[in-house]
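The values are calculated or read from the model by the stated rules, or taken from the named source; none is laboratory data. All values reported here derive from a predicted model rather than from experimental measurement. We place every Cβ from the backbone using ideal geometry, glycine too, and count neighbours over all the protein chains shown.
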């Protein structure tokens, strides 16, 4: 994804929001466009709290290999509370951090309740984040929009991830001509799965 594609994606999501597209249409459109620009998203979830008397919030789940984005309302039950407390989102809420990243290896499998499912589905890397609201706009416990993003692409180094994050923040191309395109000769977890 280069700077022009990033700008196009940002413009599209702004227009989608201003046009009143549904959350499902917005998440689906964003993910499909990002994948089309070369960002290897395989699964995404966006969730937000609501002021509904029965549902605590709404979660939107997109999967690259499926034709639909699914909306799930989560409630105020003990089961839902337990699931929340075993999630990376709860970790972000309690830690006041905004970003959590984990390579999905067997060592991480039991860290959060969602990780075994992701690993079984072939995911290799996971990012959860929260975009917090300004303090004066917070109502209740949820203070932002939570999202998670998973990929089944070959793992990259932490240094590469940091460089990509800095490039994204600066609005410059994520990839350059010297990036590796041939993974032959690599072994272990960093080698792409054979088709």
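Checked against the criteria, residue 142 does not count as part of a loop (DSSP other than H, G, I, E, B), modelled with pLDDT of 90 or more and in contact with a strand residue (DSSP E or B) (Cβ under 6 Å, 6 or more places away or on another chain).
Against the numbered list (1) touching a residue at least 40 places away in the same chain (Cβ under 8 Å); (2) exposed (fewer than 12 other Cβ atoms within 10 Å of the Cβ); (3) assigned to a helix (DSSP H, G or I); (4) touching a helix residue (DSSP H, G or I) at 6+ places or on another chain (Cβ under 9 Å), residue 38 comes up short only at (3).
Listed by first and then second residue, the pairs linking a residue in the stretch 1-16 that is touching a residue at least 12 places away in the same chain (Cβ under 8 Å) to a residue that is loosely packed, with under 11 Cβ neighbours inside 10 Å and not in a helix (DSSP H, G or I), with Cβ atoms under 7 Å apart and 6 or more places separating them unless they lie on different chains, are 3/171; 6/171.
Take the stretch 106-123 and flag every residue that is out of contact with any strand residue (DSSP E or B) (no Cβ under 6 Å at 6 or more places or on another chain), in a loop (DSSP other than H, G, I, E, B) and within 13 Å of residue 153 (Cα to Cα).
Applying the first criterion (out of contact with any strand residue (DSSP E or B) (no Cβ under 6 Å at 6 or more places or on another chain)) to the stretch 106-123 yields 106-107, 109-117, 119-122.
Then drop every residue that is not in a loop (DSSP other than H, G, I, E, B), which leaves 109-114, 121-122.
Hits for the stretch 106-123 are 121, 122.
Please verify whether the stretch 51-64 includes one or more residues that are loosely packed, with under 15 Cβ neighbours inside 10 Å and modelled with pLDDT of 65 or more. Outline the logic, then answer.
Restricting attention to the stretch 51-64, the residues satisfying the condition of being loosely packed, with under 15 Cβ neighbours inside 10 Å are 51-54.
With modelled with pLDDT of 65 or more added as a condition, the list becomes none.
No, the stretch 51-64 contains no residue that is loosely packed, with under 15 Cβ neighbours inside 10 Å and modelled with pLDDT of 65 or more.
Do we find that residue 102 is touching a strand residue (DSSP E or B) at 6+ places or on another chain (Cβ under 6 Å), at pLDDT 90 or above and within 27 Å of residue 31 (Cβ to Cβ) in this structure? For residue 102, the condition - touching a strand residue (DSSP E or B) at 6+ places or on another chain (Cβ under 6 Å), at pLDDT 90 or above and within 27 Å of residue 31 (Cβ to Cβ) - is met.
Looking at this structure, is residue 67 surrounded by fewer than 17 Cβ atoms within 10 Å (Cβ to Cβ), modelled with pLDDT under 90 and in a loop (DSSP other than H, G, I, E, B)? Yes: the conditions hold for residue 67.
Of the set (1) within 16 Å of the chain's Cα centre (by Cα); (2) at pLDDT below 90, all apply to residue 86 but (1).
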